[in-house]
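So the structure is just underneath, and the comments pick up after that.
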Amino acid sequence: MLRATLRMAILAAVALGLATASAQDFDWRRFEGTSIRFMMNQHPFTNWLQPNVQEFEALTGINVTLEVFPEDQFRQRRILEVSSAAPTLDGYMVMPGQVGAQYLGAGWMRYLDDFVADPTLTNPDLDLEDFFGGALGTFQAPDGLFGLPLQIESSVLFYRADLFEAAGLSGPPETMDELMAYAAALETDTVAGFAMRGRGAAATSQTVNLLYSFGGSWMDDAGNSALASPESIAAHEFYAELMRNYGPPGPANLHWAEVTSLYAQGQAAMIFDANVFRPIMEDPAQSIDVVRENTRYAPLPAGPAGSVPGVLVWGLSVNHASQNPEAAWYFIQWALSKESQESLLLFGVPAARASSWENEEFQATAPADWIEASQVSFERGQPDWNPPVIPVAEVRDAYGQAIVAALEGRDIAAALQRAATEVDQIVERSER
Amino acid sequence: MKSFSAFVDKNARFIFPLPAVLAILVLIVAPVVTNFVLSLYDYFVGGRAVYIGLENYQRAFGDARVWNGVRNTFYFTFTAVPLQLVLGIAIATLFNRDFPGKGIARTVILLPMVATPVAIALIWALMFNPSLGVLNYFLESLGLPRSLWVAQSNLAIPSLVLVDTWQWSPMIALILLAAMQSVPAEHYEAARIDGASGWQSFWHITIPSIRSAIVVALILRAVDALKTFDIIYVITEGGPGIASETLNVLAFKTGFQFFHAGYAATLLIFLMFTVLGIAILLNVIRRRV
């Protein structure tokens with residue numbers, strides 16, 4: 001009897017608990033009637049978003065204004081409003097690899113951890129784990145989460161299966177040593193064994209992949225340039241040897257357009273550049289037949305520190321001065337939900353959620369090895385494809401000169417030392 | 001109304017040039033003054049602007065990259081302009097005589113000058129490509145070794161000079177042709193009667209007669225070449241490394257990529273005085289000839 005009563009009491013308590021919990025559940029309509037304003041880059045994501053916003057408005061009753069500008073103006077307007085703490089701007093698109101250091105340093109980022117921890121503000125289906133490690137990592141600062149990723153890009157190896165076969169090579173190179181040996185085996189009078197960017201500042205977003213994979217980094221723990229570290233020197237010596245011996249003529253002139261067109265014209269057996277250039281290799285107007293038929297994809301080969309590519313990530317953040325940060329967070333959750341990201345990926349933008357990439361309709365549109373190489377890179381990705389400093393372009397330029405020096409056969413250690421000194425001066429000047 | 005027209009009549013010499021004076025003030029004087037003021041600041045676009053007096057100038061004098069820019073600017077200009085002058089004289093001489101198809105040829109030769117510089121530069125960049133470019137294809141068909149063109153540091157500026165020469169020799173030719181056509185035919189007749197050879201009448205009649213036009217063409221081209229931006233930026237971005245980075249390209253990068261507007265303004269003041277100095281020098285020469 002007592003036991004039965006106890007059981008009843010427990011059941012009642014549980015039921016009550018459940019009822020209370022459901023009263024505190026996440027409710028899409030909680031901020032009905034609120035108006036929010038987001039500033040957007042004129043980007044394929046925005047093209048996808050614009051016609052779909054009504055869906056969010058119908059779901060939540062929140063009124064959304066999207067302000068869209070071409071990238072240059074977008075960045076100027078954004079810094080103007082964010083730095084002046086405009087309360088009417090609720091959120092914006094952002095690439096942490098571009099301005100993360102600047103915005104975090106200035107205290108302009110609204111951390112979202114309190115929202116994520118609050119079950120009444122965060123959709124139980126949000127599933128942060130679902131975002132690729134490299135993508136979410138870009139938005140994780142030491143002090144917390146400052147946004148969510150919407151798209152991710154990384155660099156992969158493009159290679160010609162027919163040339164591999166002719167040279168007696170099976171499968172893609174898995175280590176840097178193999179990469180060098182394969183490049184040597186594939187090199188002929190008319191076809192370069194390997195090609196990647198070499199054009200100074202423009203090359204740094206690709207050479208950084210080697211830097212990471214050899215155990216190097218942009219900055220050391222004290223915040224000084226680590227470009228002259230032994231790991232960095234080893235990475236650049238490898239790069240110079242690879243490009244000078246097995247690269248196309250004039251490697252210091254190679255931008256992505258040169259690299260991809262060399263490959264598309266059958267003049268390079270392997271290239272390493274952004275995975276988003278796949279359509280070039282499938283386009284009959286740009287690529288010759290053998291390239292279209294024989295292109296395969298693989299992740300960056302592993303160096304002494306593993307295979308560590310950089311990733312390029314766009315995402316959405318809440319403005320630190322926003323008067324409606326909760327409504328803005330609702331919008332971000334909706335815009336980057338599993339359903340939204342899947343729809344975005346089918347729209348042609350490389351979505352940042354792993355689950356989206358499992359979509360069968362999408363898998364039918366892309367080669368399996370490209371999908372796999374991309375996914376692997378996204379998980380391993382290092383967020384800082386750019387130096388984590390405010391004067392990004394100036395630092396890339398200084399580093400770029402060392403890259404050109406390496407490609408032209410000058411003293412690599414000395415060139416990197418000069419670049420490191422210059423980077424420190426540039427950063428110091430910017431902090432004055 | 002009458003008093004107004006009387007006022008205009010009386011002060012016509014001030015009123016008539018007023019629109020031009022205003023335009024010059026707004027379009028030339030104001031930017032130069034603003035630029036000078038800017039050069040006294042440490043101004044990071046979108047960030048701080050601190051008055052630092054002449055510190056930017058001090059830094060520029062000690063900045064190896066600025067001197068590299070100065071060297072490249074002079075190298076480019078003083079290779080390109082003399083080459084264009086020689087070619088310009090040759091073309092003008094050719095067009096100064098009659099031959100079938102002259103009208104069409106004269107139009108064709110002006111095309112490089114009329115085309116959009118950025119479009120031209122993009123095409124040249126493609127032609128320079130060491131692996132896929134058409135220039136190396138031609139070299140090979142002639143049995144010559146391939147060249148790296150703009151992809152090799154020491155060939156970058158000579159390659160750019162080639163583009164500039166292709167583009168601007170016709171302008172010199174045009175100016176000199178006009179001057180040649182105003183040389184009285186009697187001079188040549190007299191020389192022929194005296195037994196002068198073609199070369200002699202060219203050297204002793206044509207050249208002295210068009211001397212001042214040559215200096216005018218030189219001033220125009222030299223000033224323009226010192227400031228060349230479009231073809232250099234589009235084809236090499238100043239590269240490889242900084243091998244073809246002129247003062248103008250460096251100032252652009254400093255201002256619009258690195259966002260140091262104050263320092264960029266300082267570099268442009270440097271460039272302005274360089275251009276001004278050379279223009280004045282050539283002008284003095286012009287007065288003498």
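The values are calculated or read from the model by the stated rules, or taken from the named source; none is laboratory data. Just so it is clear, the structure is predicted and the values come from calculations on it, not from any experiment. Neighbour counts run over all protein chains shown; Cβ positions are idealised from the backbone, glycine included. When the accessible area is computed, the model is the full protein with side chains, heavy atoms only, and any ligands, DNA or RNA have been set aside. Shrake-Rupley method; radii C 1.70, N 1.55, O 1.52, S 1.80 Å.
Observations on the model:
- 222 nm mean residue ellipticity, helices alone, for the protein assembly as shown (DSSP H n ≥ 4; -39,500 (n - 2.57); rounded to 500): -17500 deg cm²/dmol
- Taking 0.36 nm per residue of sequence separation and removing the Cα-Cα distance, the A:Asp118/A:Phe362 pair yields an extension gain of 84.5 nm.
- Across the protein assembly as shown, Cα-Cα pairs more than 41 Å apart make up 45 percent of the total.
- Mean Kyte hydropathy of 0.0 or more with a Cα span along the axis of at least 30 Å, helices from DSSP in chain A: A:2-23
- DSSP-loop GluC sites (Glu not before Pro) across region A:66-123, with at most 11 other Cβ within 10 angstrom: none
- Restricting attention to the protein assembly as shown, close to 70% of DSSP beta bridges with both partner residues there are antiparallel.
- Per DSSP, loop trypsin sites (Lys or Arg not before Pro) in region B:31-107 with at most 12 further Cβ within 10 Å: B:Arg48, B:Arg97
- Rolled with a 1.4 Å probe across the full set of protein chains, the surface gives A:Asp143 an accessible area near 120 Å².
- Computed Rg/Rh of region B:56-126, alpha carbon atoms with Kirkwood Rh: 1.20
- Result for chain B in a Gaussian network model with C-alpha springs under 10 Å: among B:Leu139, B:Leu38, B:Leu218, the largest mean-square fluctuation is at B:Leu139.
- Charge sum, other residues only, whose C-beta stays under 11 Å from A:Asp125's C-beta, Lys/Arg counted +1 and Asp/Glu -1: -2
- Candidates A:Leu316, A:Leu150, A:Leu179, ranked by Gaussian network fluctuation over chain A, Cα under 10 Å, top entry: A:Leu179
- If the Kirkwood radius is taken over C-alpha pairs of chain A, then at 20 °C and 1.002 mPa s the Stokes-Einstein diffusion coefficient equals 91 µm²/s.
- For chain B, the pair-distance distribution built from all alpha carbon pairs, in bins 10 Å wide starting at 0, is 6, 20, 25, 23, 16, 8, 2, 0, 0 percent.
- Candidates A:Ala257, A:Ala101, A:Ala235, ranked by Gaussian network fluctuation over chain A, Cα under 10 Å, top entry: A:Ala257
- Here the ratio of the Cα radius of gyration of region A:143-197 to 2.2 N^0.38 Å is 1.67.
- Based on alpha-carbon atoms, the Kirkwood radius and the radius of gyration of region A:267-310 give Rg/Rh equal to 1.05.
- Calculated from backbone phi, Karplus (6.51, -1.76, 1.60) coupling profile of region B:48-56 in Hz, x at Gly/Pro: 6, 9, 10, 6, 10, x, 9, 4, 4
- Nearest-10 value in Å² for the accessible area of B:Lys227, using the 1.4 Å probe: 100 Å²
- Average Cα contact separation per residue, chain A, under 8 Å, 6 or more apart, as relative contact order %: 25 percent
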